[in-house]
């Protein structure tokens, strides 16, 4: 049967750099928990991590995407906002401001490799090395390979691939499996030659088509010697939960709505877009596949996100708002700065409604927002407990207590 937290065994040992990062993360959680007990609105002087949504643009229309699928909230943006790009001057100032903390960097989109200032961005990261995660669909990676090699010593290329060709292409579009695998193989080839020094990992969203082939897919990734396979449960927010969140937001965050009326005009909040889910009919087969994966030792790391126990799977798949892993508090609101393509800063990566300011290229912009009144007031609300949608956000499981 599955181990308590469902972490499949591996022969991969921690290298010094990985062990240091894990130790630092544990230390951060311990310190943050202690500080929050004394001051519920606590935040360190600088964020430990910055998430940069480089662009709203994407070159795919994946069926499970909460941004650009048929119900995705990016369709509700004004036309000019659908092609937003984060000002490179803002990024330059953000990196300068967070240099004392060597804040980690997470790049996403849209599709981050479509960012028009990509070469300038990698110049900045080469000059100011940070541990960087690039969340990409892999399309167009070949055209960016030289810049990726330059920053690869501190880079994780996290490539989205949702199964074999049949399963992946049904969600991501015909022919995308071959194109994505070509990008993955390119990185792995450079890694074998020593010209790419970072990690190559794969993120796969669990779908009805992938579930019966899940263990075979992990074996396929193992043969290619990627670093980590992340098997991701859909972040499903059913209509009833979204409606409860509407009421919670109106009650506790109406002041943010008043400050940013353009985020709400004539469109539903972003959490209504998280509709992709597994049919409960697939739960038993999913459990069998997970049991099979957990029963052997792998030559790569295999992680379920979140790491559900057998008892938690049913509720999570069906859309329960009960958080897994006994999580009661999310610390990402006090350790991570999330920057949207128009420069807005949101306390919650996935939900732009929680905007607490807009970054500029001014030298004091980062500290002004990070320690500002709106961010502090939001943290005060979050200190009272989780919101209805928190159980369906990856940040709770990456940065939760």
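The values are calculated or read from the model by the stated rules, or taken from the named source; none is laboratory data. Note that the structure is a prediction, hence the values are computed from the model and not measured. Glycine also receives a Cβ, built like all others from the backbone with ideal geometry; neighbour counts cover every protein chain displayed.
How many residues are more than 30 Å from residue 285 (Cα to Cα) and either at pLDDT 90 or above or not in a helix (DSSP H, G or I) (or both) if we restrict to segment 1-17?
The number of residues fulfilling the criteria is 3.
Restricting attention to segment 66-81, does a residue exist that is closer than 24 Å to residue 206 by Cα, in contact with a strand residue (DSSP E or B) (Cβ under 7 Å, 6 or more places away or on another chain) and surrounded by fewer than 20 Cβ atoms within 10 Å (Cβ to Cβ)?
No: zero hits.
Quick check on my filter: what residues within segment 306-343 are over 18 Å from residue 237 (Cα atoms) and free of Cβ contacts under 8 Å to residues at least 24 places away in the same chain?
311, 326
In segment 380-396, how many are surrounded by fewer than 19 Cβ atoms within 10 Å (Cβ to Cβ) and in a loop (DSSP other than H, G, I, E, B)?
Of the residues in that region, 4 qualify.
Hey, could you check segment 252-273 for residues that are part of a helix (DSSP H, G or I) and surrounded by fewer than 14 Cβ atoms within 10 Å (Cβ to Cβ) and say which is modelled with the lowest pLDDT?
Restricting to residues being part of a helix (DSSP H, G or I) and surrounded by fewer than 14 Cβ atoms within 10 Å (Cβ to Cβ), the top hit is 262.
Condition test on residue 183, is it crowded, with 21+ Cβ neighbours inside 10 Å, modelled with pLDDT of 95 or more, farther than 30 Å from residue 381 by Cα and out of contact with any helix residue (DSSP H, G or I) (no Cβ under 7 Å at 6 or more places or on another chain)?
no
When the residues of segment 24-59 are narrowed to those that are touching a strand residue (DSSP E or B) at 6+ places or on another chain (Cβ under 9 Å) and assigned to a loop (DSSP other than H, G, I, E, B), which ends up nearest to residue 107 (Cα to Cα)?
54
Those residues that are assigned to a helix (DSSP H, G or I), within 28 Å of residue 37 (Cβ to Cβ) and modelled with pLDDT under 95, I need them from segment 291-334; list them, please.
Once the filter is applied, which keeps residues that are assigned to a helix (DSSP H, G or I), within 28 Å of residue 37 (Cβ to Cβ) and modelled with pLDDT under 95, segment 291-334 yields 324, 325, 326.
Being crowded, with 19+ Cβ neighbours inside 10 Å and at pLDDT 95 or above is true for just one of 232, 205. Which residue is that?
When all the criteria are applied, what remains is 205.
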